[in-house]
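Data first, discussion second: the structure below is written as structure tokens.
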Amino acid sequence: MKIFKHIIAGTKHGFKGVDKLNISRATGFSSLHTPADPSVEVHSPEHEVVIALGSNVGNRLHNFNEALSLMKKWGIRIIRHGCLYETEPAYVTDQPLFLNSAVRAITKLGPHELLRVLKQIEKDLGRTDGIRYGPRPMDLDILFYGKFKINSETLCVPHECIWERSFVMAPLVDLLGSTIDNDTAASWHSFTEQNGGIFGLWEKLGGESLVRREGLRRVLPVSGRLVDWSQKTHVMGVLNLTPDSFSDGGKFQLVEAAVSQVKLLISEGVDIIDIGAQSTRPAASRISPEEELNRLVPILEAVLQIPGIEGKLLSVDTFYSEVAKEAVSKGAHIVNDISGGHLDPDMLKTVAGLGVPYVAMHMRGDPSTMQNTENLIYEDVCKRVASELYERVRDAELSGVPAWRIIIDPGIGFSKKTEHNLEILMGLPAIRRELASKSFAASHAPMLIGPSRKGFLGEICDRPDALERDPATVAAVAAGILAGANIIRVHNVKDNLDAARVCDALLKQRKTH
């Protein structure tokens, strides 16, 4: 049986600025307690903590970004982010909607030092004394501090009422995985003194079904909006500016042709336009960032002037940080990186600074090597893709890209054989489950799939000409949506939008039964 060790700790035990602080150290899931033992000391110079964030005054997303930046300046190293939730206010209901999330972080600050820092950050962001549970630009609460329970006049950890608040529990669960990753996380579960720990309490509240209700929306911030990707399948239309792409290379290199194609995509109902100036077909040779920008910038500038472009999202398909930065400065809203940050060491930090959504795709090698034999070996393709995709998500988070800005893509057609692509299309739930074993936030990320006109469809249907693979694409897209894809990247928007609408209707019908 696991045991909680109790200590009465002051500054001599490593927590500066604490006078009378009751701390219980948890080592497992049992609620059995031993008598207080003042001889036990804390020797670790760092502790893992969980901090909740909430904002409903002013520019809520800006407040979040500033809070994360200020935490970093105070030496609070964020290692994981929950998803972002827009929530109905609790207790005092006559006030604006909140944004809520939470982070896991490492700090050398003692618990009361940490509390003082967080209160200073709140003040720096404009918070003043007001009614309890009332409006505030930023609210920062310590949910967990290491393996310790803390009770003092000014600090209670775990935070009071944590277990009854869905807007706190949802992002808290996001920070965990179904496989407990360390003893500290195990202790957090033990604090509930319930079978099943945090997960058991979350299910008692209603679990994932709560997120589908109006009072708790999981959202992705993009272009000044908060997008709920669960409401419908989003259609991303492809605009290739390359001379050698496998499907439409050379067709849209001139500004006039590219603008005409974008107008067509808009008329067909596209949600996102993905503009790429570097071919990523198998065996494609790489061009420089300068050449890519020469192709991209004039067309991007022209596209932004098209009537009707307002409300549409523009994505730049690049693995170069320099191109991403320039494209976003010109007006692009999303960075779509086939390498997940592997082909440019500056990409993840650049995207973190740009503050835009980031598509992290699974691929091994680069386009010139991805179909080499060594990159096509999988014992369990869904499990392996999920594991390698999680590594990209983890690296992005450690670089400062919050989980709430990450879109995942299993990379259909990249480092995959035909059978691998089919297994992925049918196995999207398995990919999410494997991601959830490490991070529920990663498993909840919007998922993009891009089977459009790919070679495996031509192989199955005996269609060597990519332009003849649109019916096969519709079938593949439909399978992917029904398996859980949120965004489809396609060349033919009109037909695939119809497929998406039918699939969305089927999924909605399923939820009503």
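Please state the relative contact order of the range 368-513 as a whole percent: Cα pairs under 8 Å, 6+ residues apart? Display every interim value, and only then the final one.
Values: 178 pairs, mean separation 31.8, N = 146.
Relative CO of the range 368-513 lands at 22 percent.
From the backbone phi of the range 400-406, what are the Karplus-calculated ³J(HN,Hα) couplings (6.51 cos²θ - 1.76 cosθ + 1.60, θ = phi - 60°) in whole Hz, Gly and Pro given as x?
x, 8, x, 4, 6, 10, 9
HN-Hα J couplings of the range 144-154 from phi, Karplus 6.51/-1.76/1.60, θ = phi - 60°, integer Hz, Gly and Pro as x?
9, 10, x, 9, 10, 9, 10, 9, 9, 5, 10
Does a label point 7 Å from the Cα of L205, set along Cα-to-beta-carbon, have any residues of the range 164-180 with amide nitrogen under 16 Å, and which are they?
Residues 164-177 qualify, since their backbone N sits under 16 Å from the label point.
Tell me, what is the per residue accessible area of the range 335-392 in Å², probe radius 1.4 Å?
Working: 2250 Å² over 58 residues.
About 39 Å² of surface per residue is accessible.
Lys/Arg Cβ at +1, Asp/Glu Cβ at -1, dipole of the range 100-252 taken about the Cα centre: which of L143, G207, L125 is farthest positive-ward?
L125
If you plug each phi of the range 441-446 into the Karplus form 6.51 cos²θ - 1.76 cosθ + 1.60 with θ = phi - 60°, what whole-Hz ³J(HN,Hα) values come out, in order, with x for Gly and Pro?
Calculated HN-Hα couplings, in order: 4, 5, 6, 8, 4, x Hz.
Using the C-alpha gyration tensor of the range 190-339, what are the square roots of 5 times its eigenvalues, in whole angstrom, with the largest one first?
Details: eigenvalues 302, 71, 37 Å².
Sorted largest first and rounded, they come to 39, 19, 14 Å.
If you take every residue apart from I334 with its C-beta less than 14 Å away from the C-beta of I334, what net charge results, scoring Lys and Arg +1 and Asp and Glu -1?
Residues near I334 contribute +1 overall.
Not counting ligands, DNA or RNA, and with a 1.4 Å probe, what is R453's accessible surface area in Å² rounded to the nearest 10?
Roughly 30 Å² of R453 is accessible to a 1.4 Å probe.
Just read off the accessible area of S267 with the full protein assembly in place, 1.4 Å probe, to the nearest 10 Å².
Approximately 90 Å² for this residue.
In whole Å, how far is the Cα centre of the range 352-417 from that of the range 55-90?
The distance from the Cα centre of the range 352-417 to that of the range 55-90 comes to 26 Å.
Gain in length, E391 to W74, computed as 0.36 nm per residue apart minus the alpha-carbon separation, to one decimal in nm? Walk me through the intermediate numbers first.
Working: separation 317, 0.36 × 317 = 114.12 nm, distance 2.66 nm.
Here the answer is 111.5 nm.
Based on alpha-carbon centroids, what's the gap between the range 298-319 and the range 147-166 in Å, whole number please?
47 Å
What does the charge add up to near L293, with Lys and Arg as +1, Asp and Glu as -1, over the other residues with Cβ less than 9 Å from its Cβ?
Working: positive: R295; negative: E290, E291, E292, E322, E326.
Neighbourhood net charge equals -4.
Please give the calculated 222 nm ellipticity per residue for the chain, where each DSSP H segment of at least 4 residues contributes -39500 (n - 2.57) and the sum is spread over every residue; nearest 500 deg cm²/dmol? If you can, show how the numbers build up before the last one.
Details: 16 runs with 182 residues, N = 513.
It lands at -11000 deg cm²/dmol.
To the nearest 10 square angstrom, what accessible area does M426 show with a 1.4 Å probe?
150 Å²
Let a ≥ b ≥ c be the square roots of the eigenvalues of the Cα gyration tensor of the range 171-271; is it rounded (a/c under 1.5), or, if not, prolate (a/b larger than b/c) or oblate?
Values: a/c = 4.66, a/b = 2.63, b/c = 1.77.
Taking the square roots of the gyration eigenvalues as a ≥ b ≥ c, the range 171-271 is prolate.
So for the chain, what percent of the C-alpha to C-alpha distances run longer than 34 Å?
Numbers: 52393 of 131328 pairs.
The calculated P(r) of the chain puts 40 percent of pairs beyond 34 Å.
Taking 8 Å as the Cα distance limit and 6 or more residues as the minimum spacing, I'd like the relative contact order of the chain as a percentage.
That works out to 13 percent.
Considering only protein heavy atoms and a probe of 1.4 Å, how much of the accessible area of the chain is carbon and sulfur, as a whole percent? Don't skip to the end; give the middle numbers.
Details: 11020 of 21790 Å².
Whole-percent figure for carbon plus sulfur exposure: 51.
Would the range 278-367 count as rounded, prolate or oblate if I go by the C-alpha gyration tensor, calling it rounded below 1.5 in a/c and otherwise prolate when a/b exceeds b/c, oblate otherwise? Present the calculation step by step, with values, prior to reporting the outcome.
Numbers: a/c = 1.83, a/b = 1.43, b/c = 1.28.
Cα axes put the range 278-367 in the prolate bin.
Could you tell me which of V493, A472, G458 has its Cα farthest along the dipole of the range 374-513 towards the positive end, charges placed at Cβ (Lys, Arg +1; Asp, Glu -1), taken about the Cα centre?
V493
Excluding H444 itself, calculate the net charge of residues whose Cβ lies under 10 Å from the Cβ of H444, where each Lys or Arg counts +1 and each Asp or Glu counts -1.
Values: positive: R218, R432; negative: D174, E208.
Once all neighbours under 10 Å are counted, the net charge is 0.
Under the rule of at least 5 residues apart or a separate chain, name every residue whose amide H is placed under 5 Å from the amide H of I79.
Those qualifying (amide H under 5 Å, at least 5 residues apart or on another chain) are R104, A105, I106.
List the relative contact order of the range 140-242 as a percent without decimals, with contacts defined as Cα pairs under 8 Å and 6+ residues apart.
Details: 69 pairs, mean separation 16.5, N = 103.
About 16 percent, as a whole number.
The values are calculated or read from the model by the stated rules, or taken from the named source; none is laboratory data. Quantities reported herein were computed from a predicted structural model and do not represent experimental measurements. Note: ideal-geometry Cβ built from the backbone for every residue, glycine included; neighbour counts use all protein chains shown. The area values use the complete protein model at the heavy-atom level, side chains included, leaving out ligands, DNA and RNA. Shrake-Rupley method; radii C 1.70, N 1.55, O 1.52, S 1.80 Å.
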